[in-house]
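Below is one structure; the comments refer to it alone.
Computed from the coordinates by the stated procedures, all read-outs in this text should not be read as laboratory data. Predicted, not measured: the structure shown is a model, and the values here were computed from it. Glycine gets a Cβ as well: all are built from the backbone with ideal geometry, and neighbour counts include every protein chain shown.
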Amino acid sequence: MDVRLLEATDDPERVVCIGARNDYSSGFVGEQSFAETMATVEGDTIEEKKRTLIGHLLDHGHFGPFEHPQATFAVEGVSRSCMAQLTRHRHVSFDVQSMRYVAFDEVDPAEVREGAMVVTPPSATDPDWVGRNQRGGAADEEVVEKREQVFRESVVGSVESYQELLDTGMPPEDARFVLPIGTEVNMVFSMNVRMLMHVADMRAAADSQWEIRELTEEILDLAAEWCPLTFAHYDEHMKGRKNRLAP
Ligand SMILES: Cc1cc2nc3c(=O)[nH]c(=O)nc-3n(C[C@H](O)[C@H](O)[C@H](O)COP(=O)(O)OP(=O)(O)OC[C@H]3O[C@@H](n4cnc5c(N)ncnc54)[C@H](O)[C@@H]3O)c2cc1C
């Protein structure tokens, strides 16, 4: 999978701070300088003041100001299973590559056998892979070889059947019914910082599935560059805790 940050609100933590300070200021934040808006916040520099305020907001569950900054990500090559999980989050906006317009009619089945077009779960090839609820691990080499063989034959068979159906003139939106749920898809999606933390609460958790967890960790790495104070605080004080952002 390849995850990129496409676009994001400029200076997002300034926006968060202005939103939050608005709630407790008698002056109009639209007319003040940022320094004036932050004047009563503890800290010697603007950066320290921002850190103080953002930490305070997150510690006290004042999450509204984190809805102002928005980021748009692009991901290439996740499974449709992963897509189904991410698209359950109702405050994220999506564009999903269409299987109606993107037909995999020229994909070489030999390449599919090597891992193209369909995501291969690590448990298909790694004898030591431990899945959710501690299932798997310490499998015999022979068992894993068999697993991989069954997996590869199944996906290659599906792709060949799909291509045969297209050759008979079946519309791609119907022929795709035979493709596996592991078929790769590209997406563009946008969300605000509050939602990003909520998705991380649910999808970076240990009981989440490996693929969406990997995607979420990549998103978190990009978010940490974009909103460093917020995600440093999230990482240190909030990630993995039981009382999540939303129930
Ligand atoms: C480990 C794991 C296993 C899962 N297994 C399954 C499964 O087997 N089957 C299945 O169907 N789903 C499953 N899910 C999906 C899960 O139930 C949620 O639907 C999904 O994670 C979306 O998150 P959310 O409910 O927080 O809603 P989001 O859409 O992310 O919304 C964020 C928050 O907004 C509030 N909210 C949004 N919409 C409403 C609403 N209509 N009413 C009230 N409050 C609302 C809630 O507080 C919610 O937490 C699983 C999720 C995880 C992490």
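The figures follow:
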| read-out | value |
| --- | --- |
| Between helix 193-203 and the chain: long-axis angle, C-alpha atoms, 0 to 90°, nearest 10 | 40 degrees |
| Segment 80-156 shape via C-alpha gyration tensor axes, a/c threshold 1.5 | oblate |
| Around Asn186: net Lys/Arg minus Asp/Glu count, Cβ-Cβ under 12 Å | -2 |
| Taking the chain and dividing mean pair separation by its residue count, relative contact order in percent (alpha carbons under 8 Å, at least six apart) | 28 percent |
| Residue order, fewest to most beta carbons within 10 Å, for Lys239, Lys50, Lys146 | Lys146, Lys239, Lys50 |
| Alpha carbon convex hull of the chain, volume per residue in cubic angstrom | 144 Å³ |
| Directionally averaged shadow of segment 117-245, computed from the convex hull of its alpha-carbon atoms, nm² | 10.4 nm² |
| Part-to-part distance (alpha-carbon centres) for segment 39-92 and segment 157-232, which is given in Å | 20 Å |
| Tilt relative to the chain, helix 210-226 - C-alpha long axis, 0 to 90 degrees, to 10 | 30 degrees |
| Packing rank of 106-114, 6-14, where each peptide gets the mean count of other beta carbons within 10 Å, highest leading | 6-14, 106-114 |
| Equivalent ellipsoid dimensions for segment 13-152 as semi-axes, Å, which come from the Cα gyration tensor, largest first | 50, 21, 12 |
| Angle in degrees between helix 141-167 and the longest Cα principal axis of the chain, rounded to the nearest 10 | 80 degrees |
